[in-house]
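The values are calculated or read from the model by the stated rules, or taken from the named source; none is laboratory data. Only a predicted model underlies this, so the values are computations on that prediction, with no experimental measurement involved. Using ideal geometry, Cβ is built from the backbone for each residue, glycine included, and neighbour counts are taken over all protein chains shown.
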Amino acid sequence: MPELPEVETTRRGIAPHLEGQRVSRVVVRDRRLRWPVPEDLDVRLSGQRIVTVERRAKYLLINAEVGTLISHLGMSGNLRLVELGLPPGKHEHVDIELESGLMLRYTDPRRFGAMLWSQDPLNHELLLRLGPEPLTDLFDGERLFQLSRGRSMAVKPFIMDNAVVVGVGNIYATEALFAAGIDPRRPAGGISRARYLKLAIEIKRVLAAAIEQGGTTLRDFIGGDGQPGYFQQTLFAYGRGGQPCKVCGTELRDVKLGQRASVFCPRCQR
Ligand SMILES: [Zn+2]
């Protein structure tokens, strides 16, 4: 599933080819994404210039002169630029054709993604209640400490809650908790301010490192398969249940928290 770093990498890859370009036509071959692609998307977007490409949480906001295309990659979606006229493959559901001779092609085998239209995207129901972006000053350990008081839920699902902070998926929650030395099962309300300050720093560090690594895949956004994939990072805990801890050698444990696999070191994380 594309996580925040993959979505940010997609934004950086496609933005230079979209910003300032005029849309000549929108072709929708299959409207059946997570929500139906609006029937009038072609009428709304054609003839408009794309002004900016932004990201909010895992939503891409393709801002035209009037209105915004909100796109989400779902479980298996990707966006890439291809030459106009390139025949579509099986799961290539939407093309946004540009006057530049390129088109933005949306591919999504599992069709859990989204292509929606909004005049006021930040107040769209999908975006309205989202917490702060993790890599901004609006998110810090003090926020985690304050919001967690009185909460008995485990700290891992707490930091994965989009109302607390957006974009902390399972990989990054697992790795940040390992780096901060915090047991993912510990009740959120019982963790000290000092430990939350450390945890917030580690969340920012693991996400920033993944985005930085994503930069090496930018060339793939024209012509290639457009899949930034999962960034090859050094993973200390995620996906390593049953293997020895890279720090202390203890066997890593694998538990379910909030229906998600959660790997941790019983010695390094308390
Ligand atoms: Zn360990």
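For this structure, a couple of remarks:
- Condition check for residue 4: modelled with pLDDT under 95 and over 19 Å from residue 92 (Cβ atoms): yes
- Of the residues screened, residue 2 is one that is assigned to a loop (DSSP other than H, G, I, E, B) and surrounded by 21 or more Cβ atoms within 10 Å (Cβ to Cβ).
- Positions within segment 81-122 being surrounded by fewer than 21 Cβ atoms within 10 Å (Cβ to Cβ) and among the polar types (S, T, N, Q), in sequence order: 100, 118, 119
- Here residue 130 meets each of (1) out of contact with any strand residue (DSSP E or B) (no Cβ under 9 Å at 6 or more places or on another chain); (2) buried (at least 17 other Cβ atoms within 10 Å of the Cβ) with one exception, condition (1).
- Here is the figure for segment 45-82: residues that are in a strand (DSSP E or B) and in contact with an Asp or Glu (Cβ under 9 Å, 6 or more places away or on another chain) total 15.
- If you go through segment 19-44 and keep only what is assigned to a strand (DSSP E or B), buried (at least 18 other Cβ atoms within 10 Å of the Cβ) and under 25 Å from the mean Cα position of the chain (by Cα), you end up with 26, 28.
- Options 210, 237: the member that is touching a Phe, Trp or Tyr at 6+ places or on another chain (Cβ under 6 Å), closer than 23 Å to residue 161 by Cα and at pLDDT below 95: 210
- When residues of segment 258-270 are limited to those that are modelled with pLDDT under 95 and on the phi < 0 side of the Ramachandran plot, the one surrounded by the most Cβ atoms within 10 Å (Cβ to Cβ): 260
- Taken over segment 83-121, the residue count meeting the criterion of being assigned to a strand (DSSP E or B) and over 15 Å from residue 36 (Cβ atoms) is 11.
- For first residues located in segment 67-88 and over 22 Å from residue 124 (Cβ atoms), partners that are modelled with pLDDT under 95 and of a type in the set (Lys, Arg) and lie 6+ apart or on another chain with Cβ distances below 6 Å form the pairs 76/110.
- Qualifying residues in segment 240-270 (those that are farther than 14 Å from residue 182 by Cα and touching a residue at least 60 places away in the same chain (Cβ under 8 Å)) - the one farthest from the ligand (Cβ to nearest atom): 258
- Of the residues making up segment 162-183, those that are among the β-branched types (Val, Ile, Thr) and closer than 17 Å to residue 255 by Cα number 3.
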